[in-house]
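Before any comments, here is the structure.
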Amino acid sequence: MFTKILITLLVIVGAFFYLRKPARKSDQTRTADVGKRIMLRYIFMGLIALSMVGSTSYWYWNWQDGNQVVRVTIVSPLIDSTSVYQVRKKDILNNQITTVDGINIRLSNQERVIIANAQ
């Protein structure tokens, strides 16, 4: 995770320095060259805006999916009992779940877990 953040920051800093670099002065600037530079700048800004919107959309979708409440049924083969809990998706781990009420439940390797959408 730290590597992803570091790479993202390096790309942002590189883009910042690239866009802030002063243009070379030539004796004659043609209108077509100025138009190309302006168009290129608009394309870069559009790509940056598009990537920001895409990242924000993915982050929101991931957050919304993680906060979805599901029904978890735990079946214990030793005592022949079942327990049903409401749990957020993000709180389901390998051998532990945390219910909506804040109860931590540790699971054994023998228990069977059934996850269904809460209705």
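The values are calculated or read from the model by the stated rules, or taken from the named source; none is laboratory data. The shown structure was predicted, so the numbers you read here are calculated from the model rather than taken from an experiment. We place every Cβ from the backbone using ideal geometry, glycine too, and count neighbours over all the protein chains shown. These area figures cover heavy atoms from the full protein model, side chains too; ligands, DNA and RNA do not enter into them. Shrake-Rupley method; radii C 1.70, N 1.55, O 1.52, S 1.80 Å.
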Can you tell me which residue among Arg30, Arg71, Arg37, Arg20 is at pLDDT 90 or above, among the basic types (Lys, Arg) and out of contact with any Gly (no Cβ under 7 Å at 6 or more places or on another chain)?
-> Arg71
Mind checking which residues of segment 48-69 are surrounded by 11 or more Cβ atoms within 10 Å (Cβ to Cβ) and polar (S, T, N, Q)?
-> Ser51, Ser55, Asn62, Asn67, Gln68
Log entry, pairs with first residue in segment 104-119 being under 13 Å from Leu93 (Cα atoms), second being at pLDDT 90 or above and of a type in the set (Phe, Trp, Tyr), beta carbons closer than 8 Å, six or more apart or on different chains, reads Ile105/Tyr85
Residue that is farthest from Ala116 (Cα to Cα), among those in segment 49-76 that are among the polar types (S, T, N, Q) and under 24 Å from the mean Cα position of the chain (by Cα) | Ser51
How do the pairs read when you match residues in segment 77-103 that are closer than 14 Å to Ala116 by Cα with residues anywhere that are open to solvent by 60 Å² or more (accessible area, probe 1.4 Å) and of a type in the set (Lys, Arg), using Cβ under 7 Å and keeping only pairs 6 or more apart or on different chains?
-> Val84/Arg71; Gln86/Arg71
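Give the residue that is modelled with the lowest pLDDT, with candidates limited to residues of segment 74-119 that are aliphatic (A, V, I, L, M) and assigned to a loop (DSSP other than H, G, I, E, B). Write out each step before concluding.
Quick first cut of segment 74-119, residues aliphatic (A, V, I, L, M) only: 74-75, 78-79, 84, 87, 92-93, 97, 100, 103, 105, 107, 113-116, 118.
Now drop any that are not assigned to a loop (DSSP other than H, G, I, E, B), which leaves 78-79, 93, 100, 103, 107, 118.
Numbers: Leu78: 83, Ile79: 85, Leu93: 90, Val100: 94, Ile103: 93, Leu107: 91, Ala118: 71.
This residue is Ala118.
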